[in-house]
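Everything on this sheet refers to the single structure shown next.
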Amino acid sequence: MADESDQKETKKKPSEKPTVPRSATEVQKLKLEKLMKDPDKTVSIPNLPKQWKPSEAPEFIRFVMGSSAGAGSGEFHVYRATRRREYNRVAFIEKTTKQHELDESYHKKLGENKSQAEEKTAKKRAKGGDDQRQVDSSDDDDDDEAQEDEEPHFVVGGK
């Protein structure tokens, strides 16, 4: 009987004293240690939360007198809530419009940078081709005179 009670006590008592995390780093460390105890266990990674979107503007608001004289004590709160929702909706629309404009300008700048890089490489190819042609022209002057009339054409990104 004494042996059984000793075994139960050892099961109840943890071998290590539980640590209380004092910083975010220690919390991460404890979570990581918990994950590494059983590496075969599957870990669920939550999806990103959906972007908040305000509710659509109501078509018609009934019985709102606003903050003017003659409004009842409850009407002001209705007016204030409606005004707050509308301001949030307008701010959201402005924010998405600004983000859209920034995305467009970013992609436009990328396109400009890419076209400038292609122009530079085309010039360098043409310059390298001209150097090669001058070396070849010393061999055959008659054939090169006919070819000098035509300018080289380069297709960038072609197959």
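What the Cβ-Cβ distance of Glu59 and Leu110 gives, at R0 = 41 Å and to the nearest 0.05, is a FRET efficiency of 0.50. Modelled spin labels at Ala81 and Ala126, positioned 7 Å past Cα toward Cβ, are 6.9 nm from each other. The accessible area of Lys98, taken with all protein chains in place and a 1.4 Å probe, comes to roughly 130 Å².
The values are calculated or read from the model by the stated rules, or taken from the named source; none is laboratory data. Note that the coordinates shown come from a computational prediction; the quantities given were computed from them, not determined experimentally. Heads up, the Cβs are rebuilt from the backbone with ideal geometry, glycines too, and the neighbour counts pull from every protein chain shown. Heads up: the accessible areas ignore ligands, DNA and RNA and are worked out on the full protein's heavy atoms, side chains in. Shrake-Rupley method; radii C 1.70, N 1.55, O 1.52, S 1.80 Å.
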